[in-house]
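Shown next, in structure tokens, is the structure this report addresses.
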Amino acid sequence: MSRIATTKMSGLLLGRLNTRFVSSAKPSSLLEFRYFSTSDLGSGTGKKEERAAQPPSTAAAGGEKAIVSYWGVDPPQLTKEDGSPWRWNCFRPWETYKADTSIDVKKHHEPVNFMDKFAYWTVQTLKYPTYMFFQRRHMCHAMLLETVAAVPGMVGGMLLHFKSLRRFEHSGGWIKALLEEAENERMHLMTFVEISKPKWYERALVLAVQGVFFNAYFVAYLASPKLAHRITGYLEEEAVNSYTDFLHDLENGNFENVPAPAIAIDYWRLPPESTLKDVVTVIRADEAHHRDLNHFASDIQCQGRELKEYPAPIGYH
Ligand SMILES: [Fe+2]
Ligand SMILES: [Fe+2]
């Protein structure tokens, strides 16, 4: 390549970099809210967060290196329906929904065969020590429950993904449905974390439980997906019961019905004046839908069919 051609290419590249920097140097509403959380509402924010939330130009002026995307992946400028800036990076406006709370909280799959009974008693065995440990500390109980509940969807989705690759076949949408379930459960956790911060021993407990549960569920799903989905179905039944107890204590005044965190208001499109009771109600509805989805997945396979033969209920939460 001649020297003239090399000089021209360098000039073009530098020009492109400069253009990127100038466009990114504009104040970005998304970046301003990058580290915004409910705990910041109405209270002073930490120095570190304020600095991190600066637009790139201001951060650069303060002596910090600006983040400029050479790769053209600048964050999109998102707004809410009312035109105000979208404050969450962990989920986007099109992932929000209004929960269908018309659920049957008593719905139960009666264990009929050995596999059902094994799944049912596995969950019952795990349930009692958990209830004894947490008793009426609903917030801690809910947080641990959600760290466990977000595992099966991810494991199932991952294993179906690999199965699809190995067999060169479609999944019927079940990969997406299960990963959606995992994400939905994680959003439950992110909501509770806005209200209550876990203590160090609760974090340690989560670490231990996750290590054991992930591996156990992974092996169970490899060995028998229908058993794994049945276990999750029963786990979700218990999640519904647990949130029903939580709601009773909120109604009786045994637990303070604090205002709903902003993340929950945006994720479930709740009215601004919503409270924790409204949040627990929509989360319970999600759990009921997970219960139905997993028992349905197990039923399909118990009848000798494959999941891919039935279109997955995507967005069913
Ligand atoms: Fe959940
Ligand atoms: Fe769930």
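Among T130, T232, T79, the sequence by solvent-accessible area, most first, with a 1.4 Å probe is T79, T130, T232.
A straight chain from R203 to E95 at 0.36 nm per residue would run longer than the Cα-Cα distance by 36.1 nm.
Projecting the Cα atoms of F218, T147, T125 onto the dipole axis of the range 114-309, where Lys and Arg carry +1 and Asp and Glu carry -1 at the beta carbon, places F218 farthest toward the positive end. The mean accessible area for residues of the range 114-309, using a 1.4 Å probe and ignoring ligands and nucleic acids, is 46 Å² per residue. Under the combined filter of DSSP loop state and at most 16 neighbouring Cβ atoms within 10 Å, the range 77-131 retains these trypsin sites (Lys or Arg not before Pro): K80, K98, K106, K107.
Sparse packing (at most 11 other Cβ atoms within 10 Å of the Cβ) combined with a DSSP loop state is found for none of the chymotrypsin sites (Phe, Trp or Tyr not before Pro) in the range 227-291. Element breakdown for the range 114-309 at a 1.4 angstrom probe: carbon and sulfur atoms account for 63% of the accessible area. Label separation (T275 vs V258): 1.4 nm, computed from points 7 Å beyond Cα along the C-beta direction. Distance from the alpha carbon centroid of the range 261-317 to that of the range 172-240 works out to 13 angstrom. Percent of Cα pairs in the range 114-309 per distance bin of 5 Å, from zero to the largest separation: 1, 7, 15, 20, 19, 15, 11, 7, 3, 1, 0, 0.
The values are calculated or read from the model by the stated rules, or taken from the named source; none is laboratory data. These numbers were taken from a predicted model, which means no experiment stands behind them. Positions of Cβ are generated from backbone atoms using ideal geometry, with glycine treated the same way; all protein chains shown enter the neighbour counts. Accessible surface is based on the protein model in full, side chains and every heavy atom, while ligands, DNA and RNA are left aside. Shrake-Rupley method; radii C 1.70, N 1.55, O 1.52, S 1.80 Å.
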